[in-house]
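Asks: A single structure is presented below for examination.
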Amino acid sequence: MAQLFHPVMYDPATPLQSHWEASGGDMVSGCEPVAGDLECDVAIIGGGFTGLSAALHLVRDGGLSVRVLEAVAPGWGASGRNGGHCCFGGAGLDAPTIAKEFGEDVARHNIATQREAIELVRDLAATNDLDIDMQGNGSLCVAHTTKARAELDDTAAMWKRLGGFDCELLSREAFCERGFTAPHVHGGMDFPFGFGLHPLKYARELARLAQRHGAVIHGKSMVTGWQRENGRHRLTTAGGSVRAGKVLIATNGFTRDELHPAVDGALLPAISEIVATRPLTPDELEAHRWRAQAPLYDTRPMFAYFRLLPDNRLHMGGAGGMTGTPASKERWKSFLTQRIATMFPEWRNVEIEYCWRGLLCQSADRLTHVGEVADDPGVYYSLAYHGNGVAMATWSGRAVAGLISGRGNANLPATMTRPLPRFPIPALRKMRIYKRYGWRFIQDKLGM
Ligand SMILES: Cc1cc2nc3c(=O)[nH]c(=O)nc-3n(C[C@H](O)[C@H](O)[C@H](O)COP(=O)(O)OP(=O)(O)OC[C@H]3O[C@@H](n4cnc5c(N)ncnc54)[C@H](O)[C@@H]3O)c2cc1C
């Protein structure tokens, strides 16, 4: 099964209409398509955070020659379209489940990795003067019921026990002082790690940084064929081919099953959709006493993530449906518009100026996977961040670069090193999305 969603989800000719594109500045220059027959030590398929971070660390720290083969342009995938919440995440399993399955030491290692991933992005930006519109400190969770607020006590206790850090629990009044005022606010939690950024600017700045260190990035170079020749790999694109000793698969939610047997039936892309309002006026902001600079999320069953950007636009993202048809984009746009009206009644008539979507990526065992294909040495992958890859894809790209060059210390938690499993019945893998969202949708409608 080559594509799980409607062809428009994969078509570079379909305009994205994202606010990030409109505000992301210049495209990365020097990304010529592959032409003729080229050589390198490492070929990377996919030019998002994973591929670009791997490229940077391979050339800068590993001293290898690297070519990134990107089907469209750096950041065209999820990396240039996401919510820009540089936050905890990676696995689809929560920390207590990881502790149960792998033991508490592994859970602690996994949590430490998530903290390190956020710091890696912060450090890359600071050290290299990346222009990526960093904003806020930490992240704020808003409880939509008193029950949800009470459950945050357990969440904070869990982070203290497994992560060793404090999350500040907030009463309704304390939340309103720090976040915003609205009818459905029942308190919240201030999580101490994370920040917001402009994801397309970040992807492009990462690409430029990798280029400055010697990586070659080819845009409009979709890999359509893969042959073995005398122990090397030949990747074919429309304009020519690249021969490499090693190959990294960094295609995440845009991976096609037929790319390599290791990914065939192993990944489950899912759609997430985002809307952006026009800039809110000072009076409109005051109507909800908006204070938050940090990224936010809420406890509703149909989870929403949102931020107020530096130019005072409200961004809100959430699920994006099961099909990817143009009509489904409109339906989920209505859902998010209605969510804004429910959460922020004073803004219910504010125009939505942008709406776009993209594909995130899950694995069968709900874990991020970084490693070398067991029965095809020299082929590596770094995949499946379960909708939280801004920090984790950057970190995993660096980790897989360490594995490829043999020079870096990857320090991978045991959650990431299991072989990438296939879905038991790949043709039915989308059923997981129906199962997850079906029940949540009903709970949401019932106001639970
Ligand atoms: C709408 C949305 C909102 C999100 N919000 C957040 C958020 O706020 N915070 C967060 O942490 N994470 C978020 N995520 C997830 C995050 O964006 C991803 O986890 C991350 O960008 C993955 O990076 P990547 O480089 O692995 O993959 P991608 O950025 O998807 O890049 C894969 C690239 O591979 C290319 N490609 C595919 N096949 C081929 C081929 N055969 N040949 C050449 N190139 C190919 C594609 O063109 C694409 O550019 C969100 C995702 C979406 C879709």
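The values are calculated or read from the model by the stated rules, or taken from the named source; none is laboratory data. From a predicted model like this one, the values you see are computed outputs, not experimental measurements. Cβ placement follows ideal geometry from the backbone for every residue including glycine, while neighbour counts extend to all protein chains displayed. Protein only, heavy atoms only, side chains kept; ligands, DNA and RNA dropped before computing areas. Shrake-Rupley method; radii C 1.70, N 1.55, O 1.52, S 1.80 Å.
Asks: Of all trypsin sites (Lys or Arg not before Pro) in segment 255-298, which ones are in loop regions per DSSP and have a Cβ with at most 16 other Cβ atoms within 10 Å?
Replies: Details: sites: Arg256, Arg289, Arg291; in loops: Arg256, Arg289, Arg291.
Loop-located and lightly packed - Arg289, Arg291.
Asks: Further, regarding this structure: Which whole-number percentage describes the relative contact order of segment 81-143, with Cα contacts under 8 Å and a sequence gap of 6 or more?
Replies: Numbers: 21 pairs, mean separation 17.9, N = 63.
Relative contact order, segment 81-143: 28 percent.
Asks: Students sometimes get this wrong: rank Leu64, Leu69 by accessible area, probe 1.4 Å, all chains present, largest first.
Replies: On the way: Leu64 45, Leu69 5 Å².
Solvent-accessible surface, decreasing: Leu64, Leu69.
Asks: Additional query: Counting only DSSP beta bridges with both residues in the chain, tell me the antiparallel percent, nearest 5. Spell out each step's value before the answer.
Replies: Numbers: 46 of 68 bridges.
Rounded to the nearest five, the antiparallel share is 70 percent.
Asks: Would you mind counting up the charge near Arg331? Only other residues with Cβ under 15 Å from its Cβ, with Lys and Arg at +1 and Asp and Glu at -1.
Replies: Details: positive: Lys329, Lys333, Arg339, Arg357, Lys445; negative: Glu273, Glu330, Asp444.
After counting each charged neighbour, the total is +2.
Asks: Specify whether the C-alpha gyration tensor of segment 81-206 places it in the rounded, prolate or oblate class, a ≥ b ≥ c being the square roots of the eigenvalues: rounded for a/c under 1.5, otherwise prolate if a/b is larger than b/c and oblate if not.
Replies: Numbers: a/c = 2.28, a/b = 1.18, b/c = 1.93.
Oblate, because a/c is 1.5 or more while a/b does not exceed b/c.
Asks: Multiply the residue gap between Leu446 and Gln227 by 0.36 nm, knock off their C-alpha separation, and tell me the result in nm, one decimal place.
Replies: Working: separation 219, 0.36 × 219 = 78.84 nm, distance 5.35 nm.
Gain in length upon complete extension: 73.5 nm.
Asks: Here is a follow-up. Any lysines with Cα under 19 Å of the Lys329 Cα? List them, leaving off those in the same chain fewer than 8 positions away.
Replies: Those lysines meeting the cut-off are Lys430.
Asks: Moving on. To make sure I understand the rule: partners must be aspartates and glutamates, Cα under 20 Å from the Cα of Lys147, and not fewer than 8 residues away in the same chain. Which ones qualify?
Replies: Asp94, Glu168, Glu173, Asp190, Asp298, Asp444
Asks: Starting from segment 338-385, pick out the trypsin sites (Lys or Arg not before Pro) whose DSSP state is loop and whose Cβ has at most 13 other Cβ atoms within 10 Å. Don't jump to the answer; show the numbers that get you there.
Replies: Working: sites: Arg339, Arg348, Arg357, Arg366; in loops: Arg348, Arg366.
Passing sites in segment 338-385 are Arg348.
Asks: Further, regarding this structure: With unit charges on the beta carbons (Lys and Arg positive, Asp and Glu negative) and the dipole taken about the Cα centre of the chain, which residue among Leu170, Tyr434, Ala99 sits farthest to the positive side?
Replies: Tyr434
Asks: I've got another one for you. Given a 1.4 angstrom probe, what's the average accessible area per residue across segment 276-406, in square angstrom?
Replies: Details: 4490 Å² over 131 residues.
Spelled out: the 1.4 Å probe surface of segment 276-406, per residue, equals 34 Å².
Asks: To the nearest 10 square angstrom, what accessible area does His186 show with a 1.4 Å probe?
Replies: Approximately 70 Å² for this residue.
Asks: To continue, here is another question. Using a 1.4 angstrom probe on heavy atoms only, work out the carbon and sulfur share of the accessible area of segment 43-118 in %. Walk me through the numbers before you get to the answer.
Replies: On the way: 1090 of 2190 Å².
Heavy-atom surface of segment 43-118 belonging to carbon and sulfur, 1.4 Å probe: 50 percent.
Asks: If you put +1 on each Lys and Arg Cβ and -1 on each Asp and Glu Cβ, how big is the dipole of segment 306-354 around its Cα centre, in Debye rounded to 20? Walk me through the numbers before you get to the answer.
Replies: Values: 7 positive and 5 negative charges, 39 e Å.
Using Cβ point charges on Lys, Arg, Asp and Glu, segment 306-354 gives about 180 debye.
Asks: Which FRET efficiency value, to the nearest 0.05, do you get for Ile425 and Asp376 by plugging their Cβ-Cβ distance into 1/(1 + (r/R0)^6) with R0 = 30 Å? Spell out each step's value before the answer.
Replies: Values: r = 24 Å, r/R0 = 0.79.
The pair Ile425/Asp376 has a calculated efficiency of 0.80.
Asks: Can you tell me which of 206-216, 387-397 comes out highest on packing, and rank the rest after it, using the mean Cβ neighbours within 10 Å?
Replies: Details: 206-216: 21.6, 387-397: 28.0.
Packing order, densest peptide first, comes out as 387-397, 206-216.
Asks: Leaving out ligands, DNA and RNA but keeping every protein chain, what accessible area does Cys87 have, in Å² rounded to the nearest 10, with a 1.4 Å probe?
Replies: 30
Asks: Additional query: Need the full-extension length gain, Asn312 to Glu39, defined as separation in residues times 0.36 nm minus the C-alpha distance. One decimal, nm.
Replies: Numbers: separation 273, 0.36 × 273 = 98.28 nm, distance 4.69 nm.
Gain in length upon complete extension: 93.6 nm.
Asks: Leaving ligands, DNA and RNA out of it, work out the accessible area of Thr299 with a 1.4 Å probe and give it in Å² to the nearest 10.
Replies: 40
Asks: Pop a pseudo-label 7 angstrom from the Cα along the beta-carbon direction at both Arg432 and Arg60 and give the gap in nm to one decimal.
Replies: Calculated label separation equals 3.2 nm.
Asks: Using only alpha carbon pairs under 8 Å that are at least six residues apart, calculate the relative contact order of the chain and give it in whole percent. Don't jump to the answer; show the numbers that get you there.
Replies: Details: 1031 pairs, mean separation 114.4, N = 448.
Relative contact order of the chain: 26 percent.
Asks: Moving to a separate point now. Largest first, how would Ile340, Ile442 line up by accessible area (1.4 Å probe)?
Replies: Working: Ile340 10, Ile442 85 Å².
My answer, sorted largest first, is Ile442, Ile340.
Asks: Per-residue ellipticity at 222 nm for the chain, helices alone: DSSP H runs ≥ 4 residues times -39500 (n - 2.57), over residue total, nearest 500 deg cm²/dmol? Numbers along the way, then the final one.
Replies: Values: 11 runs with 141 residues, N = 448.
Roughly -10000 deg cm²/dmol at 222 nm, from the helical runs in the chain.
Asks: Now for a separate question. What is the distance in Å between the Cα centroid of segment 238-263 and that of segment 12-68?
Replies: 14
Asks: So, one more: Just check segment 2-113 against the gyration tensor rule for me: Cα atoms, a ≥ b ≥ c as the square roots of the eigenvalues, rounded for a/c under 1.5, and otherwise prolate or oblate depending on whether a/b exceeds b/c. Write down the numbers at each step before the final one.
Replies: Values: a/c = 2.09, a/b = 1.39, b/c = 1.50.
Cα axes put segment 2-113 in the oblate bin.
Asks: Now a separate question. What is the packing order of peptides 358-364, 193-199, taking the mean over residues of other C-beta atoms within 10 Å and listing the highest first?
Replies: Values: 358-364: 22.6, 193-199: 24.4.
My ranking of the peptides, most packed first, is 193-199, 358-364.
Asks: Something else now. When only DSSP loop residues count, what GluC sites (Glu not before Pro) in segment 319-351 have their Cβ near at most 15 other Cβ atoms within 10 Å? Show your work: numbers first, answer last.
Replies: On the way: sites: Glu330, Glu346, Glu351; in loops: Glu351.
Counting only loop positions with at most 15 other Cβ atoms within 10 Å, the GluC sites (Glu not before Pro) in segment 319-351 are Glu351.
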